[in-house]
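**Q** Shown below is the structure under consideration.
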Amino acid sequence: MVPAAGRGERLGPGAPKALRELGGVPLLVHAVRALARSRAVGLVVVAAPPEGVAEVVTLLGSHGLEGKDVRVVPGGATRQESVRLGLAAIPAEVGIVLVHDAARPLVPVEVVDAVAAAVRAGAEAVVPAVPLADTVKRVEPQAAGTPEPVLDTPDRSTLRAVQTPQGFRRDVLARVHADALAEEADGGLPPVTDDAGLVERYGGRVVVVPGHEEAFKVTRPLDLVLAEAVLARRRASDGF
């Protein structure tokens, strides 16, 4: 499943982030292709902007994805809502669901395979992740431009930067999203930033498998420059 209904304002003005081009091809197309390359993936569901479903269907069809089982459904106002809507479009007999960011266009197929294999082996929820290269400081947030007091320095060896696709037992993912929806209706906790966070919030167990440095998220203009460089290297070396 690829929730792709957001605009991604940090990348600058223009088309929604998922439709920005990388090497002449929209990020969303790269992301769907990355999932479709895995033999573990039999269906890709894209949650598109509600007003752009027809455009996304045409877009995916025009980039050589007609032979794949790719379905497009209207997404929601938040990422969590888009995942819920996408999950509802997946046939009931599908027991394992991967959720992938459209803004991670270059995830290698071996990462997709590793996540799916870990769920198949019995994990409730799986995230790919990489060790942090930088020292991290925990701070007390202040107003913009104001120096922030440092509270402590976590042990970097225990920290990981999480990527996608994240993998789940379908029943676990459906349950935590239902719990989150009920809590939102009661004015409870705010949405989390990823689906594994919901599993953690509601008492599930999440495990980590190795991610890949090329599975980074395209969030800011500089990320797009880096992604162009990675894509150019891939095309030069293996015709990607």
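The values are calculated or read from the model by the stated rules, or taken from the named source; none is laboratory data. Predicted model only: the values in this text are computed from it and were never measured. Note: ideal-geometry Cβ built from the backbone for every residue, glycine included; neighbour counts use all protein chains shown. Please note that ligands, DNA and RNA were not included when accessible areas were found on the heavy atoms of the full protein model with its side chains. Shrake-Rupley method; radii C 1.70, N 1.55, O 1.52, S 1.80 Å.
**Q** Please report, in whole Å, how far the alpha carbons of the stretch 131-170 spread along each principal axis, starting with the longest.
**A** Cα extents, longest axis first: 43, 23, 15 Å.
**Q** Placing unit charges on C-beta atoms (Lys and Arg positive, Asp and Glu negative, everything else neutral), compute the dipole magnitude of the chain about its Cα centre in debye, rounded to 20.
**A** Dipole magnitude for the chain comes out near 540 debye.
**Q** Treating only the Cβ of Lys, Arg, Asp and Glu as charged (+1, +1, -1, -1), what charge dipole size does the stretch 54-164 show about its Cα centre? Round to the nearest 20 debye. Don't skip to the answer; put the middle values down first.
**A** Values: 10 positive and 14 negative charges, 6 e Å.
Dipole of the stretch 54-164, to the nearest 20 debye: 20 debye.
**Q** Once you put a point 7 Å from the Cα of Glu148 and another 7 Å from the Cα of Val192, both along the Cβ direction, what distance in nm separates them?
**A** The two pseudo-label positions are separated by 2.1 nm.
**Q** How much of the accessible area of the chain, probe 1.4 Å, is carbon plus sulfur, in whole percent?
**A** Values: 6650 of 12040 Å².
On the chain, the fraction of accessible area on carbon and sulfur atoms equals 55 percent.
**Q** Under a straight-distance cross-link criterion of Cα-Cα below 28 Å, which lysines are reachable from Lys137, leaving out those fewer than 8 residues away in the same chain?
**A** Leaving aside lysines fewer than 8 places away in the same chain, those within reach of Lys137 are Lys217.
**Q** Based on the alpha-carbon set only, what is the convex hull volume of the stretch 94-160 divided per residue, in Å³?
**A** Taking only Cα atoms, the stretch 94-160 has a hull volume of 176 Å³ per residue.
**Q** Please compute the net charge surrounding Arg205, taking Lys and Arg as +1 and Asp and Glu as -1 over other residues with Cβ under 13 Å from its Cβ.
**A** On the way: positive: Arg169, Arg201; negative: Glu124, Glu200.
After counting each charged neighbour, the total is 0.
**Q** Given all pairs of different Cα atoms, what value in angstroms does the Kirkwood hydrodynamic radius of the chain take?
**A** With all distinct Cα pairs of the chain included, I get 18.8 Å.
**Q** Need one number: nm distance between label points at Ala92 and Tyr202, each 7 Å from Cα along Cα→Cβ, rounded to one decimal.
**A** In this crude label model, Ala92 to Tyr202 measures out at 1.9 nm.
**Q** Taking only protein heavy atoms and a 1.4 Å probe, what accessible area per residue, in Å², does the chain have with all protein chains in place? Numbers along the way, then the final one.
**A** Values: 12040 Å² over 240 residues.
Heavy-atom SASA per residue in the chain reads 50 Å².
**Q** Starting from the 7 Å offset along Cα-to-Cβ, what nm value, one decimal, do you get for the label separation of Thr135 and Thr78?
**A** Between Thr135 and Thr78, the label points sit 3.6 nm apart.
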